[in-house]
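Taken together, the values in this text are just the output of simple stated rules run on the coordinates, not laboratory data. Note that the coordinates shown come from a computational prediction; the quantities given were computed from them, not determined experimentally. Cβ atoms come from the backbone with ideal geometry, glycine included; neighbour counts cover every protein chain shown.
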Amino acid sequence: MSGAKTISPAHSGASGNSAGAPGLAAESERPPARGRALRRAMIAASLFCLSFIAVATGWIYCLGPAPLGQDLEFSKQVLDRNGRLLRAYAASDGAWRLPAKVVDLDPRFFDVLFAYEDKRFYAHHGVDPLAVMRAGLQFATSGHLRSGASTLTMQVARLVEGRHPRDLPGKLRQMVRAIEMERALTKDRILSLYLELAPYGGNIEGVRAASLVYFGKEPRHLTLAEAALLVALPQSPESRRPDRAPEVARKARDRVLDRSAATGRVPADEIALAKAEPVPTMRRPMPMLAPHAADQAVLRAPAAGEIRLTIDAPIQRNLEALARERLPGLTATLGPNVSLAIFAVDNATGQVLAHVGAPAYFDTRRAGQVDMTQALRSPGSTLKPFIYGLGFEDGFIHPQTLIEDRPVSYGTYAPKDFDFGFKGTVSVREALQMSLNVPAIAVLDRVGPARLAARLTQAGATLTLPDGQAPGLAIGLGGVGIKLADLVLLYSGIARLGLAAPLTERLDAPSPQARRLMEPTAAWYVGNVLLGSPPPENGVAGRIAFKTGTSYGYRDAWSIGFDGKCTIGVWVGRPDGAPVPGLIGRQAAAPILFDAFARIGGTMPLPRPPAGALFATNAKLPPPLRHFQPGRLAGATSSPPLRIMFPPDGARLDLNETQGRPDPVALKVTGAVAPLTVLVNGIPVGEEGKIAGSGAMFFRPSGPGFSRVTVTDATGASDSVVVRVDESVPTALGAITAGRVH
């Protein structure tokens with residue numbers, strides 16, 4: 001008996017003893033228990049596959065067409081000129097869901113994803129047979145599914161359809177839908193759907209939204225550790241959220257890294273470095289660059305899912321940072337409610353490069369959601385360059401023309417300089433660079449306020465006057481409403497040698513027709529003069545042509561400047577229009593302007609002078625251009641204007657003396673309003689030079705040689721002559737007939 005137990009089955013079969021010992025033969029031929037279980041599992045797996053095929057065949061015809069993700073709603077996107085995200089808006093269901101393509105991610109992300117989720121993604125047709133067999137074996141041996149055999153396509157099917165329970169019928173439905181998807185879509189499209197719909201906790205869906213929220217960057221720039229975390233989260237998005245359970249998220253990430261290491265495609269040292277990288281512990285806000293521009297674009301095109309602007313994201317980011325950095329200093333010196341805005345355009349195209357409507361969009365104290373680049377404000381002195389530009393165009397002034405900065409009255413309107421002083425005789429160049437008020441109004445009186453307003457409006461700016469009021473001389477000093485964006489438009493027209501290009505902020509907008517602002521030579525004169533304006537302490541002279549302005553009552557501070565490439569405008573003030581004591585354009589706005597140019601790159605030279613530009617000193621100018629001749633003063637109280645009739649300018653007088661003193665010379669003036677002030681070589685005549693009437697008067701020359709005689713009346717009007725007094729034989733000069741004129 002004991003010997004029979006040691007006989008092998010082969011030997012027993014060969015000897016033919018199996019029939020004589022049936023119990024023994026049956027025991028020796030029975031497979032081991034593990035083998036029997038494996039055989040049963042294989043049979044169960046085969047039945048599982050056959051059942052799936054049968055069910056799938058039937059369901060394909062009764063479930064109806066598979067949803068393929070054509071009707072997904074994404075967050076509205078506003079992009080910059082190069083396709084970079086400026087701002088996104090949550091979808092109607094409150095989710096952050098951004099479109100994504102395979103090319104939007106680093107290839108390493110897919111290496112990690114396939115290693116963890118679906119190793120044979122590109123080999124199967126929606127269902128992985130090997131994974132199904134594995135699931136069948138697990139079900140047969142344990143009585144339940146420990147591995148769902150889920151492919152990425154099956155996960156996409158569940159995400160798109162949204163109603164697959166995690167049981168056997170639900171799994172079968174996923175398989176059917178996955179097969180249908182694979183028949184209708186490319187592998188890259190299926191991957192894109194996964195990238196767009198994978199859950200990442202809360203209202204975050206898709207890898208782009210998750211990357212922006214957790215890492216603050218687009219997924220094409222992910223590190224290995226960041227990619228592994230984004231692969232791990234969709235498996236259990238709520239329990240693994242790094243902002244709520246960072247340790248759970250870290251362990252899940254490390255399991256993904258271990259699975260990647262097992263493939264041998266990632267070096268061990270990189271895996272170690274990735275595991276050492278911390279996981280994020282908080283959610284970041286979604287990108288919100290140029291929020292005011294984005295709001296306006298969405299308002300104008302509410303049905304568009306994606307809008308591309310001309311804004312340059314790096315420039316926008318730099319100028320928004322500048323606004324935030326400058327705000328504390330302005331607040332410290334000007335009060336807590338002060339705000340600022342910055343607007344930049346490309347001169348060549350008129351495209352908006354940066355649009356900073358406020359330093360902080362959600363700052364309620366400073367009305368952060370009010371776009372101050374589009375607010376109507378008083379421009380202060382920033383319209384003066386256009387006054388002189390029209391004067392240059394008309395040919396009655398040149399940058400070297402001399403002009404008077406003296407008290408003058410236009411009816412009831414009497415302009416004064418910002419410091420309430422007067423500089424006397426200056427060149428037009430100096431008058432514009434020093435922003436003197438009286439010379440600017442004198443030129444505007446000759447140009448005509450209505451013509452100035454019409455020319456600026458024709459160029460594309462909108463000027464707002466009180467209802468029923470016509471343009472008057474006050475618009476030259478800020479008596480009109482205008483937007484910062486429109487001022488930048490006008491100044492870019494100077495940079496373009498007089499052609500103003502209408503501003504565009506949509507990249508797909510047609511190129512508008514440029515409009516004539518002033519003649520090329522006149523525009524070049526203005527730019528050349530402004531290029532010589534003394535810069536603030538943080539600026540370098542001769543690089544930026546700029547002008548500052550301060551509105552009446554210290555409500556607005558401005559600085560607008562340009563080089564050969566772009567034009568930038570800066571506004572500082574309170575959004576509610578309240579006065580801000582100490583608010584001055586040169587001190588508050590100009591330093592920000594020069595910082596803005598520094599942050600957008602090197603400056604470009606202005607255009608070369610056109611053929612008609614005249615280069616000459618005052619003495620070499622044609623006589624009519626040497627000294628500004630005012631036109632008929634609008635509303636002036638004297639008509640005709642004050643004029644010295646005798647002696648005429650350039651006269652030569654014979655000098656006689658009585659008792660060692662020059663005898664008086666007759667002086668005749670017309671068009672003057674008493675009392676008059678008479679000066680000889682700057683020295684008052686008589687009692688402080690005051691003379692009651694305007695009939696026959698007298699003055700005493702200071703001696704032989706040239707003498708300048710100046711008469712100013714009560715309105716501030718004045719006239720001057722230069723006479724030459726020669727030695728001669730003694731004769732009386734006591735009356736007008738006594739002086740001989742050569």
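Would you work out the charge dipole size for segment 474-530 about its Cα centre, treating the Cβ of every Lys and Arg as +1 and the Cβ of every Asp and Glu as -1, and quote it to the nearest 20 debye?
Computed charge dipole of segment 474-530: roughly 60 debye.
How large is ³J(HN,Hα), in whole Hz, for each residue of segment 399-411 in order, when computed from phi with the Karplus curve 6.51 cos²θ - 1.76 cosθ + 1.60 and θ = phi - 60°, using x for Gly and Pro?
x, 9, 5, 7, 9, 8, 10, 9, x, 8, 10, 10, x
Find how much the distance from GLU277 to GLU238 grows on full extension, using 0.36 nm per residue of separation minus their present alpha carbon separation; answer in nm with one decimal.
11.9 nm
Under a cut-off of 15 Å between alpha-carbon atoms, report the aspartates and glutamates in cross-link reach of LYS171, not counting same-chain residues fewer than 8 places apart.
Here the aspartates and glutamates satisfying the reach criterion relative to LYS171 are ASP128, GLU161, GLU180.
To the nearest 0.05, what FRET efficiency results for ALA470 and HIS627 with a Förster distance of 45 Å applied to their C-beta separation? Intermediate values should be presented prior to the final figure.
Values: r = 30 Å, r/R0 = 0.68.
The formula returns an efficiency of 0.90 here.
For VAL102 paired with ASP576, estimate the spin-label separation in nm (one decimal), with each label point 7 Å from Cα along the Cα-to-Cβ line.
Between VAL102 and ASP576, the label points sit 5.8 nm apart.
How far is the Cα center of segment 500-544 from the Cα center of segment 345-388, in Å?
Comparing the Cα centres of segment 500-544 and segment 345-388, I get a distance of 15 Å.
Taking the Cβ of VAL248 as the centre, find all other residues whose Cβ is under 12 Å away and add up their charges (Lys, Arg: +1; Asp, Glu: -1).
+3
Take the Cα of ASN528, step 7 Å along the line toward its Cβ, and report every residue of segment 542-569 whose backbone nitrogen sits under 16 Å from that point.
542-543, 545-546
Name the residues whose placed amide hydrogens come within less than 5 Å of the amide hydrogen of ALA198, ignoring near sequence neighbours (fewer than 5 apart) on the same chain.
Here the answer is GLY206, VAL207, since their amide H atoms fall under 5 Å of that of ALA198.
Going 7 Å from the Cα of ASN618 in the Cα-to-Cβ direction, what parts of segment 401-434 have a backbone nitrogen less than 19 Å from that spot?
401-408, 422-434
With Cβ to Cβ distances under 15 Å as the rule, what net charge do the other residues near CYS566 carry (K, R +1; D, E -1)?
0
FRET efficiency for ALA268 and GLU247, Cβ-Cβ distance as r, R0 = 25 Å, nearest 0.05?
0.60
Of LYS76/LYS275; LYS217/LYS565; LYS416/LYS483; LYS217/LYS251; LYS76/LYS187, which pairs sit farther than 32 Å apart, going by alpha carbon to alpha carbon?
Correct reply: LYS76/LYS275.
In nanometres, what is the gap between the two model label sites at GLU325 and ARG451, each 7 Å from Cα along Cα-to-Cβ?
My value for the distance between the label points is 4.6 nm.
Where the centre of each part is set by its Cα atoms, how far does segment 176-196 sit from segment 233-255, in angstrom?
26
Just to be sure I understand the model, the point goes 7 Å from the Cα along the line to the Cβ. What's the resulting GLN70 to GLN374 distance in nm?
For GLN70 paired with GLN374, the spin-label model returns 3.6 nm.
Assuming R0 = 56 Å, can you tell me the calculated FRET efficiency for the pair MET288 and ASP649, based on Cβ-Cβ distance, to the nearest 0.05?
Rounded to the nearest 0.05, the efficiency is 0.25.
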